[in-house]
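All remarks here apply to the structure that follows.
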Amino acid sequence: MGLISFTIYIGIIWSIFSFNFLRSNEFADEVLDREYLKSRHLHLTEVSYMGPLFLFPTEKGTYTPNFDAFVTIAFMTILIGLSFTTVFFCGYRIYKKMESLTMLRSSGIDRSLQSQLFWALVFQTLIPVVLMHIPASFGFVFSMFGISMELFGELPTITIFIYPALDPLPNFFIIKNFRQAIFEFLGCGKKKATPTSSNENNPIQRESLEMQQRHVFVVESN
């Protein structure tokens with residue numbers, strides 16, 4: 001419950017920052033109209049937008065920094081860093097917990113599953129970094145120096161749409177059971193005969209059997 005409340009709280013703060021510091025203004029309207037709308041025969045009244053304009057033009061023909069935009073993007077960077085810190089912290093704690101449980105059981109199957117889950121988590125963390133954060137960062141950095149390229153706006157749009165489709169792939173191809181099922185479905189692998197003792201090789205089913213045996217022992221003792 002605390003994690004959900006914290007997420008909602010961060011979302012409210014970001015909404016307030018965005019509304020106050022990233023909304024349209026006369027300078028941003030001029031840049032948008034000149035760089036984007038005219039070539040597409042559109043008018044400002046036909047679009048709604050929100051985004052940072054890092055440099056404001058002055059009467060002398062120079063530019064002055066828009067600190068509101070810089071502060072808002074810095075705050076966004078902190079939120080992204082906080083998100084990744086949470087992911088890595090939870091991933092590390094889960095890894096150490098699984099490692100301690102694996103040492104108690106001393107099972108090669110458990111160690112293999114632990115390693116597969118760990119690397120699946122690593123790759124699932126890297127996918128949004130490569131497909132969302134890095135492309136968006138290029139757009140922000142170049143905009144801070146007054147360099148405008150449509151590619152830096154279009155590229156994140158494409159990669160963000162690709163991200164949901166690619167996000168589950170590490171689980172499918174790193175976790176052995178998922179990988180074998182996919183290869184069998186595609187006809188690339190041979191189905192193996194399931195031995196009668198397969199429950200003993202499945203860590204989840206084996207744990208269930210152990211719990212049932214302990215329960216029976218307790219009942220018989222009573």
Whole-Å distance, taken between Cα centres, linking region 22-79 and region 145-192:
34
With +1 on the Cβ of every Lys and Arg and -1 on the Cβ of every Asp and Glu, the dipole magnitude of region 2-185 about its Cα centre, in debye rounded to the nearest 20, is 980
Which far-off residues, 5 or more places away or on another chain, put their amide H under 5 Å from the one on L55, with H placed in the peptide plane?
N66
Provide the FRET efficiency to the nearest 0.05 for the R111-T77 pair, computing r from the beta carbons and using R0 = 30 Å.
0.20
Label-point separation (nm) for S137 and R179, each offset 7 Å from Cα along Cα-to-Cβ?
2.9
Inter-site label distance for S15 and Y63 at 7 Å from Cα along Cβ, in nm
3.3
In percent, what relative contact order does region 36-166 have, based on Cα pairs under 8 Å that are 6 or more apart in sequence?
19
Positive end of the dipole of region 1-144, charges at C-beta (+1 Lys, Arg; -1 Asp, Glu), about the Cα centre: which of G51, T85, V129 has its Cα farthest in that direction?
T85
Low-density loop positions, GluC sites (Glu not before Pro), region 126-191 - DSSP coil, at most 15 other Cβ in 10 Å:
E150
Would you please classify the overall shape of region 125-188 from the alpha carbon gyration tensor, given that a ≥ b ≥ c denote the square roots of the eigenvalues, rounded means a/c under 1.5, and beyond that prolate means a/b larger than b/c while oblate covers the rest?
prolate
Based on the alpha-carbon gyration tensor of region 1-128 and its eigenvalue square roots a ≥ b ≥ c, which shape applies: rounded if a/c is under 1.5, prolate if not and a/b is larger than b/c, or oblate?
prolate
Tell me which residues come under 5 Å, amide H to amide H, from N25 once H is placed; ignore anything under 5 positions away on its chain.
none
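No lab work stands behind these numbers, since they all come straight from the coordinates. Note that the coordinates shown come from a computational prediction; the quantities given were computed from them, not determined experimentally. Neighbour counts are summed over all protein chains in view; Cβ atoms, including those assigned to glycine, are modelled from backbone coordinates with ideal geometry.
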